[in-house]
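The values are calculated or read from the model by the stated rules, or taken from the named source; none is laboratory data. Since we're looking at a predicted model, the values are computed, not measured. FYI the Cβ positions are ideal-geometry reconstructions off the backbone, even for glycines, and counts take in every protein chain you see. The protein model used for the area step is the full one, side chains on, heavy atoms only, and it has no ligands, DNA or RNA in it. Shrake-Rupley method; radii C 1.70, N 1.55, O 1.52, S 1.80 Å.
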Amino acid sequence: MGLTGLEIFKHLPKTNCKECGFPTCLAFAMALANGKTTLDLCPYVSDEAKEALASASAPPIRMVKVGVGENELEMGDETEIFRHDKRFNHLTAIAIIVNDNEEDIEAKVEAINALEYEHVGQHYESNMVALINASGDAATFKSAAEKASAKTKKAFLLISDDTAAIEAALEVLAAQKPLLYAANKDNYEKMTEIAKANSCPLVVKGEDLNSLAELVEKIVALGHNDLVLDPGSRDTGKVLVDMTQIRRQAVKNKFRPFGFPTITFTSKDDPQEELLQAGTYLAKYASIVVMKTAKREIHLPLMSWRANVYTDPQKPVAVEAGAHEVGEVDENSPVYCTTNFSLTYFLVEGEVDSTRIPSYILSVDTGGISVLTAYADNKFTAETITKAIKDSGLEDKVKHRKIVLPGGVAVLKGKLEEESGWDVLVGPRESADIPKYAKEHFA
Ligand code: SF4
């Protein structure tokens, strides 16, 4: 259990100097107890106090890194139970299973590599290859590790209860810092020794939450702290309950054995059901979700859902304000206008692109909010649009003076014409109607 605010307060200088950004030492202590600040913000804590407060100042969930280089994954370091309280820090990693006795290991790994998408301005991709020692044979596992690692730079999860098989695969993959799966009650001493010797993170697999906590304490006592938790449940409802308990105990009660990232496995064979299962786990609170399917039509919606869950709710998702070019524009290209809310912007961009008529899109800085919200908040007005036209340099880029206004704010037409001196064309209300509109007006 973590320390209470009052217990922490006893160790602080009590001068209320405010340098930490809090009005009093007590306020700082309370925030520290709730994981809302860090001890290093007080420059006056003694070394003695630092030691005493180490557990209170450590993040409630340890950050663990898997893999190396540009595909290194960070997981854990979460401080919230509900995203709207602050944010979730690290995307759930999506791992896809490759069996070591599969006929064409290279083809499966290439299918995993191909799970990359550009969607509304964001890049989505799968993160890990979960190599399973399905053959039960160490040499086969090692050879599969060789084949798979030749085809990808993604991080690896090595799955086998057999410590000899894990050691064999590590002869190939140790430098890639794979995540080892898993230490259980029977093999944990040897697994921990292997993980420590190779500086690899290790999954701890319990049979339930109690046995998991006991096993974590034993492994930490052996000197390994880069751990990932698997409570052993596979039924959707039970996984959800276990994940929620682990997160609550770690964040609210600072229960150290649960202060690590988590891993889940889908159990459904039908890809649609697997998608629902994986979507549930990544919302609450899996750091890794291991899946069977590599079908693109399953992974795109899953990654899109993941992007939504892990977006920082305190930061509007915005694109740069200004004139954006779509295609090979020239001085006659049409000009559309919208806000810099990225979802709106990229929907408009997608539709403008599909018209095949090179065009400009003027994105007006509304602080990253959508057209109607910005209009209601006086951020998408004749004045702000006029300023955006001037600031963007559009008047030098096109020789006409025509701008297409979103249909939802047609009411701005008169005032905008007065302010800007441009002809204002009222465009469609929905971005999906832009191609039809463009055909009628610009083809
Ligand atoms: Fe107290 Fe330290 Fe904050 Fe000063 S900086 S108010 S001493 S906690």
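Among the residues of the stretch 293-322, write down those that are open to solvent by less than 30 Å² (accessible area, probe 1.4 Å) and of a type in the set (A, V, I, L, M).
ALA294, ILE298, LEU302, MET303, ALA307, VAL309, VAL319
Inside the stretch 230-341, counting only strands (runs of 3 or more DSSP E) that do not spill past its ends, which hold 1 or more residues that are closer than 27 Å to LYS86 by Cβ and modelled with pLDDT of 95 or more?
The qualifying strands (runs of 3 or more DSSP E) are 263-265, 288-291, 335-339.
Does LYS147 satisfy the criteria of being of a type outside the set (Gly, Ala, Ser) and either open to solvent by less than 60 Å² (accessible area, probe 1.4 Å) or not in a helix (DSSP H, G or I) (or both)?
No; evaluated as a whole, the condition is false for this residue.
Assess whether VAL203 counts as being crowded, with 16+ Cβ neighbours inside 10 Å and under 28 Å from LYS151 (Cβ atoms).
For VAL203, the condition - crowded, with 16+ Cβ neighbours inside 10 Å and under 28 Å from LYS151 (Cβ atoms) - is met.
Please verify whether the stretch 344-351 includes one or more residues that are part of a helix (DSSP H, G or I) and aliphatic (A, V, I, L, M).
Yes, the stretch 344-351 has at least one match.
Just need a number here: residues in the stretch 161-193 that are more than 21 Å from VAL68 (Cβ to Cβ), within 31 Å of the chain's Cα centre (by Cα) and open to solvent by 10 Å² or more (accessible area, probe 1.4 Å).
Number of matching residues: 3.
Check off (1) outside any helix (DSSP H, G or I); (2) at pLDDT 95 or above; (3) surrounded by fewer than 21 Cβ atoms within 10 Å (Cβ to Cβ) for THR386 and give me the number that stays unchecked.
Exception for THR386: condition (1).
I need a count of the residues in the stretch 356-367 that are buried (at least 21 other Cβ atoms within 10 Å of the Cβ) and either touching a Cys at 6+ places or on another chain (Cβ under 7 Å) or part of a loop (DSSP other than H, G, I, E, B) (or both).
3
Assess whether LYS379 counts as being in a helix (DSSP H, G or I) and either in contact with a helix residue (DSSP H, G or I) (Cβ under 6 Å, 6 or more places away or on another chain) or surrounded by fewer than 20 Cβ atoms within 10 Å (Cβ to Cβ) (or both).
So LYS379 fails the test.
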